[in-house]
Amino acid sequence: MTRTALSFLIAAGLLAATPALAQSGPLGAAGRWTIDLKASSFNEALTGPAPLAAEVDVTKDDGQSLAWTLIEEDAEGLAAIQFADAPLDGAPTKAVVNTQIVMISVRRDGPHGVTAVTSNKTGRKQTMKVWLADPDTLKVEQDVDGQPGPPDQSLTFKRVK
């Protein structure tokens, strides 16, 4: 999996969730988040080298949908960019990763968490669980290979503002 796919998964996770448990309020994810590389664990065999930096700007978190922009950097500069706006617990919707359109299903996972299921044109599906561990810490567990077992990657983001 390329770094672009990793970037997509990070941002996609901000949109997803498992079936709603009658939750309707904001998740609490609005704001700007940067990756904490030391607190994150990467599976470079699946995704390639870890990014040097990543930032997610969640611009909409109103309890009905989430919108965000992700920018990831590597040693050569811009590694990936993503834009998405998706309903919570709604039908699959499109997101843009660099120049590719992917589909994402968004389902709420409690009051402060989501699970994202993404798929591309080939039908490959990936899952991410994303939740607020506390008001300033966003955790992401990624299943990027579709195999049972522990998460393939665990990422930690810190709120900047």
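Here is the figure for region 143-152: residues that are in contact with a helix residue (DSSP H, G or I) (Cβ under 7 Å, 6 or more places away or on another chain) and either modelled with pLDDT of 90 or more or charged (D, E, K, R) (or both) total 2. Given the structure, is Ala95 free of Cβ contacts under 8 Å to residues at least 24 places away in the same chain and either of a type in the set (Gly, Ala, Ser) or open to solvent by less than 50 Å² (accessible area, probe 1.4 Å) (or both)? So Ala95 does not fit the description; no.
The test for being open to solvent by 60 Å² or more (accessible area, probe 1.4 Å) and of a type in the set (Val, Ile, Thr) does not hold for Ile81.
Residues that are among the charged types (D, E, K, R) number at least 1 in the following strands (runs of 3 or more DSSP E) confined to region 79-161: 90-97, 100-108, 125-134, 137-143, 153-159. Consider region 105-161 and keep the residues that are hydrophobic (A, V, I, L, M, F, W, C) and surrounded by fewer than 14 Cβ atoms within 10 Å (Cβ to Cβ). The one that is farthest from Ser24 (Cα to Cα) is Val160. Scanning region 50-78 for residues that are among the small types (Gly, Ala, Ser), modelled with pLDDT of 90 or more and either open to solvent by 60 Å² or more (accessible area, probe 1.4 Å) or not in a strand (DSSP E or B) (or both) turns up just one, Gly63. Residues that are more than 15 Å from the chain's Cα centre (by Cα), more than 24 Å from Gly123 (Cβ to Cβ), open to solvent by 50 Å² or more (accessible area, probe 1.4 Å) and at pLDDT below 90 occur in region 23-30; there is at least one. Checking region 87-110 against the condition returns a match, with at least one residue being touching a Gly at 6+ places or on another chain (Cβ under 7 Å), at pLDDT below 90 and not basic (Lys, Arg).
The values are calculated or read from the model by the stated rules, or taken from the named source; none is laboratory data. Being a predicted model, the structure only gives us computed values, none of them experimental. Positions of Cβ are backbone-derived with ideal geometry, glycine not excepted, and every protein chain shown enters the neighbour counts. For accessibility, only protein heavy atoms count, side chains too; no ligands or nucleic acids. Shrake-Rupley method; radii C 1.70, N 1.55, O 1.52, S 1.80 Å.
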